[in-house]
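**Q** Okay, here's the structure, questions in a sec.
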Amino acid sequence: MVADGSPIRPVYLFAGGRSGGRKKQVNLITRMFAELGITSPKVAYCGAASGEDGNFFRFVSSELTAAGAGSVAHAVIARKGADLERAKSILEESDAVFMSGGDVEAGMEGLRAKDMIGFLATLHRGGKPFFGISAGAIMLAKMWVRWRDPDDDTTAELFPCLGFAPVICDTHDEDGGWEELRVALRLGGQGSYGYGLATGSGVRVFPDGRLEIMGGEVYEFVNRQGEVVFLGVKGIS
């Protein structure tokens, strides 16, 4: 239970990115496990965003184990013929649920097609910790942007994500100028805030939308009367 009496825990969002940020990422996840008070946690791995790729699962599992996870079990959801009852059992019995990187829209579609969004939301409301890296972090946030026609900027539109972290965020696009995040905020309307999590960074997001930086740099933006304004970079080394 968190300080305000709610069973809902903070959601942890990690940027991932280039290999140079991996050691920092592992250290931040180790801190997260300590903050949650979980020793050698059982982690349920949700790989919908990566097409449930086995090689990617094994790679990420090694990093989670290095961070202190006692075990990592693949809750296969998006694959054709997936055993959803087994996936639900893995998720329910876990100490924390991890959302993998990959493709945000494909990941959300995979969860939606298997009618798993409500199940995950119930776990979240019940106090199950959730964390994600890269696309998985974006999936845990409120919404993201897609283009019906990649060659036509006027076809950009928002689509809902899980919303467990009530923010809009992007990850490891500091070299690209956060273009997709800027589009998402423009479409989000007046007063929309967004956060760009630079490579190797991590944040905790509370149920009220309050965001605390755990490490690395976070770029902050806001929509002011239709113009997306860069507010600056905040960071903890």
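Readers should treat all values here as calculations from the given coordinates under stated rules, not as data from a laboratory. Computed from a prediction, not measured in an experiment: that's the story for all the values here. Because the Cβ atoms are built from the backbone with ideal geometry, glycine has one as well, and the counts that use them run over all protein chains shown.
**Q** Of the listed peptides 134-147, 216-229, what is their order by residue-averaged count of other C-beta atoms within 10 Å, with the highest listed first?
**A** Highest mean packing first, the order is 134-147, 216-229.
**Q** Measuring from centroid to centroid over Cα atoms, what is the spacing of the stretch 70-95 and the stretch 163-226 in Å?
**A** Each part reduced to its Cα centre gives a spacing of 29 Å.
**Q** Choose one of S71, N223, L123: the residue whose Cα lies farthest towards the positive end of the charge dipole of the chain (beta-carbon charges +1 Lys, Arg; -1 Asp, Glu; about the Cα centre).
**A** Of the listed residues, the answer is S71.
**Q** Kindly flag which residue pairs out of K142/K234; K88/K128; K24/K88; K88/K142; K42/K88; K24/K80 have an alpha-carbon separation exceeding 25 Å in this structure.
**A** With Cα atoms farther than 25 Å apart: K24/K88; K24/K80.
**Q** So what is the 222 nm mean residue ellipticity for the chain from helices alone, if each DSSP H run of at least 4 adds -39500 (n - 2.57) and you divide by all residues, rounding to the nearest 500 deg cm²/dmol?
**A** -9000 deg cm²/dmol
**Q** Output needed for the chain: three equivalent-ellipsoid semi-axes, defined as square roots of 5 times the C-alpha gyration tensor eigenvalues, in descending order, whole Å.
**A** Gyration-tensor ellipsoid for the chain: 26, 21, 17 Å.
**Q** Which GluC sites (Glu not before Pro) does the stretch 88-168 hold that lie in a coil by DSSP with at most 14 other beta carbons within 10 Å?
**A** none
**Q** Quickly rank 178-187, 202-211, 162-171, 57-66 as a protection proxy: mean count of other C-beta atoms within 10 Å, highest first.
**A** Ranking, from highest mean packing down: 162-171, 178-187, 202-211, 57-66.
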